[in-house]
Structure formats: C-alpha cells, structure tokens
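Derivation of every value follows stated rules applied to the coordinates shown; laboratory data play no part. Because the structure is predicted, anything quoted here is derived from the model rather than measured. Positions of Cβ are generated from backbone atoms using ideal geometry, with glycine treated the same way; all protein chains shown enter the neighbour counts.
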Amino acid sequence: MHPILFELPGGIKVRSFGVLVALGFLLASWLFTRLAMAGARDPAGERARFEPIPVWVLIGIVLGARVLYVIVEVARGSDTGKSYLDHPLEMLYIWQGGLVMYGGLIGALIGGYLGCKKHHVPYWRAFDLGLTAGFFGQALGRVGCLMVGDDYGRVVPERWRDLPFPITLRVPESLPDQSLFGLENQGQILWATQPWMSAKALALGCLGLWLLRRKRFDGQVGLTLLVGYAALRYGVECFRGDSVRGVWFGGAVSTSQLISVVVGALAVLLWLARSRAARAMGSTAGE
C-alpha cells in the first residue's frame, strides 16, 4: 500500500489514487474513441464528434460523485453532513475527499448525454461504447483504491484467513502516511474487496467488447453491463468493512446496495423497452 507515490520539490505529494484514476480515465477515453472509429466510413469525422464526449463525462463524474456524497452524508445526519449544512462552501472541497462511485456513474450518464446532444452523437451508441470503455478504465482506477487503503473489506473470519491474495489481504502492522485503512485494521486480514472490484470491472469490460459485435439494438450493451454491475456490486458490498460510507435499516444494507437495486431495476426496464422498440421497428421495416 503506497498512498503517496513520490514527492515533488516544494512538498507537492503525488498520490497513487489520483494517478491511477487519471490513467484509468485516459485509457477509457482512448478506447472509447477507438471503438467509435472502428469500421467508420469517415474516421476523421467520427473522431471529431466523439473525442469531446469524455470531457463532458469527466465533468459529470466529478459533480455527480460529489453531489451524491453530500446528499448521503446530510441524510445520515453525520458530523460531516452537519458541517456541510453549517458551512455550505465545504461541499465544494473535493480535495478533502468524499466521492461516491454511483454518483459518478449517474453524473457520467448525464454529462455524456449533454455532450452527445451538443456534438450530434447518437446517445445510445455512445452509451454502449462508453460503458464498455469505462469499465476498463475503472479496472485500472480501482487499483488506486488498494494502494491508498480505500474501500476495504471486513475482517476475515478465522477459518478463511489462510486464503491467498487477491481473496484476502493482510494490512501492514504499521500503516504508511495517509493510508485510509484505519488504525483498527493494522495487522488484520481483510477481504480483498479492492482487487475484486478491479476484476469485476475488467470482466464487464470484456463482456462489453463481446456484446458489441453481437448487439441487436443500441443500448443493449450498456444496459446489460449496468445490470451486471449492479448485481456484482451488491455482492461485493456484503464483504465491505467501511461502514462509514453509510448503512441503512439497522445495518442491513449499504448505500451502494440500495442504489444497486434501483439502478439494476431501471436498467432491466430500459432494456426491455429498447428491445421492444427495436422489434417494432424491425416489424415495420419488414412490412
């Protein structure tokens, strides 16, 4: 675990999480453009239309991730949430931490929609390509969670503690500076939820590439990936140990599990609607 990769002259610390998230975003942006140009009759034109979309997505990710974090903290009545109500400007202090992945996902979809509208890109096509490329980027970015100690798992029961990495991981007895594992986890053996989330994202990205060559309607790939993500994220959450992110109904479910249920259900309904519309168009065209 290395929260700080190195320090630049002047005391500027380069953080592993930020570096890996940035690299993940660049990877996803590059792959998104490459997928958009694949088989295009006018590659230069496709590049010009699709290249600006990741910038819109990035803005949506940052805003969405922060807004949802603030909403959750205020709704929970936490000390952080009360501080936001007393000092509203603190809601803008992103550099102090506090981002929710699901908020980033929702923001990315909204930002992507606005970008597609402005640059005349078919939204559902970009949706399929963007989700596929985005999961590859997330697989890399999640490595940053491991290096900084964020999104850690619960303490492993005694009978499972001999399982190897990446199923379990041993937290160092002495944590490095700015690690988020928490003093209570020093020397503990935890479920390795960070690598699981990287593997989950990588598997979904590969599934997306496979589906892109076989899809029957625009939106099919992205909506399928959203259903898969919601189900897998719900499962991983069962092993998470950072309850500070918010738990509900006496600790029965986490914030991300609640959102997973909603996102998964909406994705299924949209998938059915898009599929029905595609069949109807096919029937009309055949008449």
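Some observations on this one:
- Partners of K215 within straight-line reach, counting lysines whose Cα lies under 25 Å from its Cα and excluding those fewer than 8 residues away in the same chain: K117, K200.
- Its alpha carbons considered, the chain gives a radius of gyration followed by a Dmax of 20.4, 72 Å.
- Residues I189, I61, I71 arranged by fewest to most Cβ contacts within 10 Å: I71, I189, I61
- Residues with amide H under 5 Å from that of R240, placed H, sequence gap 5 or more: R154
- Per-selection Kirkwood Rh - the range 180-266 (Cα, Å, 1 d.p.): 14.7
- For the range 112-122, backbone phi angles converted through the Karplus equation (6.51, -1.76, 1.60; θ = phi - 60°) give residue-by-residue couplings of x, 4, 5, x, 5, 5, 5, 9, 6, 10, x Hz, Gly and Pro being listed as x.
- All C-alpha to C-alpha distances of the range 5-97, sorted into 10 Å bins beginning at zero, yield P(r) values of 13, 29, 26, 21, 9, 1 percent in whole numbers.
- Here the 3J(HN,Hα) profile of the range 45-51, calculated from phi with Karplus coefficients 6.51, -1.76 and 1.60 at θ = phi - 60°, is x, 5, 4, 4, 7, 8, 4 Hz, Gly and Pro shown as x.
- Among S78, S179, a tally of other beta-carbon atoms within 10 Å of each Cβ gives an order, fewest to most, of S78, S179.
- The fewest-to-most ranking of R15, R233 by surrounding Cβ atoms within 10 Å reads R15, R233.
- Whole-Hz Karplus values for the range 151-157 come out as 6, 7, x, 6, 5, 6, x Hz, taken residue by residue from phi with 6.51 cos²θ - 1.76 cosθ + 1.60 and θ = phi - 60°; glycine and proline positions read x.
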